[in-house]
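> Take this structure first; my questions come after.
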Amino acid sequence: MPEGSADDTASGTADDTGGDADHAAARLPDAPSAFFTALVTEHFVLQTARGITVSESSTRAAIYLTTLSSALVAFGFLADTDFATGYLAVVIPVVVLLGVFTYERLVQTSLEDVVALAAMQRIRRWYGTILPGAPRYFPVPEDRMAPNELLDIGLRLSWRGVFFTLSSAIAVVNCIVAGAGAALLTASTSAPSGSLAAGVVTAVLLAGAHGIYQERRYARVLAILRSAAPATDV
């Protein structure tokens, strides 16, 4: 056993941060090579994480739309029966609730994708410092109009961009379903024009609330990334 290893083990046990790993890292014969290997591995992990978020988003959106379409098909068979109203009273709340859950998770996965992409861009910046001329092969967007396929997600030119995401598409469809439910709910107590207005107002207000919520979530995450960038960029 190398001299002093017992002391190192004892000190590592006392540290709550894992002293053995720190000592081993300090004694690496080729630390730059080990760092480069770890960085490449991290880049691969982040790219995999981005792929998972896209796959999960597509799956969740498909589940919601399949549920909605199945409910509409089933209603078509019951539209001329006495069970139509009861069916809608049960199905519409279930579909709307599923839509809310789906929307919230889609917002989360999109933010996870934004964070992963920001981390990948930091790694790309480091790749560009390895050799003279390397930045030519690892272009990093410098502004919102940079002609780069890896332009940072979330840096939109306008707040209106929030309404063109997958989560917003699901939210709008779900708000329309909720508006239809509100119209049916008020149909027995008001004129047709009044129930229609109630449905439209409900759908518009819910869509606006979803957009504001998503924009604030994006703004909060982007603010955190910008504040952390000077300390983490290589």
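> Starting from the Kirkwood Rh over alpha-carbon pairs, what translational D in µm² s⁻¹ does the range 163-210 have by Stokes-Einstein at 20 °C and 1.002 mPa s?
My calculation gives 200 µm²/s for D.
> In nm, give the distance between the simple-model label positions of residue 58 and residue 44, each being 7 Å from the Cα along the Cα-to-Cβ direction.
Label-label distance for residue 58 and residue 44, simple model: 2.3 nm.
> Here is a further query. Label points 7 Å out from Cα along the Cβ direction at residue 169 and residue 190: separation in nm?
3.2 nm
> Multiply the residue gap between residue 216 and residue 200 by 0.36 nm, knock off their C-alpha separation, and tell me the result in nm, one decimal place.
Value of the extension gain: 3.3 nm.
> Please give, to one decimal in nm, the separation of the simple spin-label points placed at residue 129 and residue 37, each 7 Å out from Cα toward the Cβ.
Computed distance between label sites residue 129 and residue 37 equals 2.2 nm.
> Multiplying the sequence separation of residue 105 and residue 73 by 0.36 nm and subtracting their Cα-Cα distance, what value in nm do you get?
Going from the current span to full extension adds 8.9 nm.
> Loop-only trypsin sites (Lys or Arg not before Pro) in the range 26-80, please: DSSP not H, G, I, E or B, and at most 10 other Cβ atoms within 10 Å.
The qualifying sites are 27.
> Tell me the Kirkwood radius of the range 25-112: reciprocal of the mean inverse pair distance over distinct alpha-carbon atoms, in Å.
16.7 Å
Values quoted throughout were computed directly from the atomic coordinates according to the rules given, and no laboratory measurement underlies them. Just so we're clear, the structure is a prediction, and the values are computed from it rather than from any experiment. Quick reminder, even Gly has a Cβ in these numbers, built from the backbone with ideal geometry, and neighbours come from all protein chains shown.
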